[in-house]
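The values are calculated or read from the model by the stated rules, or taken from the named source; none is laboratory data. Note that the structure is predicted; figures quoted are calculated from it, not measured. Positions of Cβ are backbone-derived with ideal geometry, glycine not excepted, and every protein chain shown enters the neighbour counts. Ligands, DNA and RNA are excluded from the accessible area calculation, which covers all protein heavy atoms including side chains. Shrake-Rupley method; radii C 1.70, N 1.55, O 1.52, S 1.80 Å.
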Amino acid sequence: MKRSSRLLIVSNRIPVRRMRRSGSTSWEQSSGGLVTALAPILQQRQGTWIGWAGNTGRAPEPFSLDGIRYQPVSMTKGELDDYYFGFSNRTLWPLYHDSVRAPEFRRRWWWPYVDVNKRFAEAVAAAARPGDTVWIHDYHLQLTPSMLRELRPDLRIGFFLHIPFPPEELFAHMPWRTQILEGMLGADLLGFQTAAGARHFAAAAKRFTEAHGPAGDMRFRGRHVRAAAFPISIDVDRFEMLAQDPDVMARRDRLRARLGGNRTILLGVDRLDYSKGIDIRLRAFEELLKSGAAKPSECVFVQIAVPSREEVEDYAQIRTDVEQIVGRINGEFGEAGQATVHYLHRNIPQPELVSHYLAANVMVVTPFRDGMNLVAKEFVASRVDDDGVLVLSEFAGAANELRAALQVNPHDLDGVTASYEAALSLSRADRRKRMRSLRRAVKRHDVFDWADHFLEALTS
Ligand code: ADP
Ligand code: G6P
């Protein structure tokens, strides 16, 4: 990348929280993986991050925090309903996650999606200097690349999709498929979590637009467009460091003791999303107990679920379903003072999250479909003791790299139950062998390498 060219990051949300303390307000950076990876690059290159600040009505004034300039984009209440909850999270999200819930194709959500994408493109066009590099993120903003190119053909434009790009036959259901593909094709480089994602995109682009040529070098309206896999990762050093922090280790010990000393701990950590397979993993645990293969006095399940998109009916429903299963298992197998499933419906600070990763004997990650799944990588990075077993869905992007996990098909209830039995019976030597292999895979490249590789490819 030319040293003089600045970097602009564009995503639906800017990674900050507004804090109100004793009458005054200030901004605080949130601790997501994306901001961790991009902060050093943005600080070095006087970067700007453009996105929604989480409020409706007038956008807050642009501000700087820790060397990064943030430029909030406005959103009306109607746009939040139609662009974010509607088109992004009731049309695109389910369609791109293998239609595990039926995507809703509503014409009245489409135009607000176009309008908000346009607003983002205009905000970038106004903020960018000649020759700057722009990196647009995720499914909320698939039209922004071409809208921006029209306004500012001098810019270098990259786009990364954090969620899966679905197979061509599934994507074909989308009534606005050509517009979406043409929108994305406005970028010079399109990044996907997996090679399959890049392939699916290229197949759809060739079928529904004028694009032609191989994924790695497509031609579209006289330009070159490249689509390739850039699997995202985590800040591996940070998780290793937290895992060795005496406070975190002491928390781990207290947690183990509270959960009942020698009981085997199974752990789930997710956003409360129907794509994550939280219901199936709890039902598999219930079957394990019912069959007598494990006794409630000997094992316990801890499920941490962050509230998410609660205004959407399918999210409210999965919460009800999960809470019913938790209640049913505890009703049948729990004792006074000894729950069989512990369910926490809240955000927890990262050190506490790591103490849970360390306390777990078995980490259960069972999405029906997931772009990558960072929780699986965080668990592995935290296990500096080379212990713990990872049960991982073969439909998570992370399954491509985490080969030494016990991989499962989350649609196969018996298979998931059998994977718990297998996990519980692995010897210490087998666990160590698998965990070492998983750790080698996770340490091979971290989120900083991911950002470097993408930006290098974009500007070369
Ligand atoms: P998604 O992006 O779909 O939510 P990922 O597994 O890729 O799924 O990323 C989830 C991120 O959210 C991880 O970095 C994880 O540490 C974090 N996270 C998950 N559950 C919690 C929680 N209860 N509290 C705080 N952070 C959480
Ligand atoms: C996934 C998406 C992100 C999104 C995050 C949280 O990771 O890929 O773009 O920010 O979920 O969802 P939310 O709707 O709360 O932003």
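The table below lists the values:
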read-out	value
Spans of strands (runs of 3 or more DSSP E) in the range 213-323 with at least 1 residues under 25 Å from LEU392 (Cα atoms)	223-229, 264-271, 299-306
The range 324-371: number of residues that are among the β-branched types (Val, Ile, Thr) and part of a loop (DSSP other than H, G, I, E, B)	3
Subset of the range 416-437 that is among the aliphatic types (A, V, I, L, M) and more than 26 Å from ARG283 (Cβ to Cβ) - its residue that is least open to solvent (accessible area, probe 1.4 Å)	MET435
Criterion: more than 24 Å from GLY371 (Cα to Cα), surrounded by 15 or more Cβ atoms within 10 Å (Cβ to Cβ) and modelled with pLDDT of 95 or more - qualifying residue of LEU190, LEU255	LEU255
Single residue of LEU358, LEU406, LEU392 found to be assigned by TED's automatic domain parsing to the domain that holds ALA243, over 20 Å from the mean Cα position of the chain (by Cα) and more than 22 Å from VAL248 (Cβ to Cβ)	LEU406
Any hit, the range 405-415, residues being assigned to a loop (DSSP other than H, G, I, E, B) and either basic (Lys, Arg) or within 16 Å of ligand 2 (Cβ to nearest atom) (or both)	no
Filtered residue count, the range 368-403, keeping only those that are open to solvent by 20 Å² or more (accessible area, probe 1.4 Å), of a type outside the set (D, E, K, R) and away from ligand 1 (no atom under 16 Å from the Cβ)	1
Selected residue (only one of ASP132, ASP115, ASP154 is farther than 30 Å from TYR315 by Cα, open to solvent by 60 Å² or more (accessible area, probe 1.4 Å) and more than 16 Å from ligand 2 (Cβ to nearest atom))	ASP154
Residue list for the range 282-304, filter: surrounded by 23 or more Cβ atoms within 10 Å (Cβ to Cβ) and within 19 Å of the chain's Cα centre (by Cα)	GLN303
Filter result for the condition that a residue is at pLDDT 95 or above, within 16 Å of ligand 2 (Cβ to nearest atom), closer than 18 Å to SER88 by Cα and under 25 Å from the mean Cα position of the chain (by Cα), over PHE230, PHE171, PHE165	PHE165
Near pairs, Cβ below 6 angstrom, 6+ apart or cross-chain, from the range 233-249 (under 17 Å from THR36 (Cβ atoms)) to any residue that is open to solvent by 50 Å² or more (accessible area, probe 1.4 Å) and assigned to a helix (DSSP H, G or I)	ILE234/LEU374; VAL236/LYS443
Sole residue being crowded, with 23+ Cβ neighbours inside 10 Å and hydrophobic (A, V, I, L, M, F, W, C), chosen from PHE105, PHE165, PHE171	PHE165
The listed residue being open to solvent by 50 Å² or more (accessible area, probe 1.4 Å) and either in contact with a strand residue (DSSP E or B) (Cβ under 8 Å, 6 or more places away or on another chain) or not assigned by TED's automatic domain parsing to the domain that holds MET363 (or both), out of GLU313, GLU323	GLU323
Residue satisfying condition, being modelled with pLDDT under 95 and among the charged types (D, E, K, R), within set ASP132, ASP66	ASP66
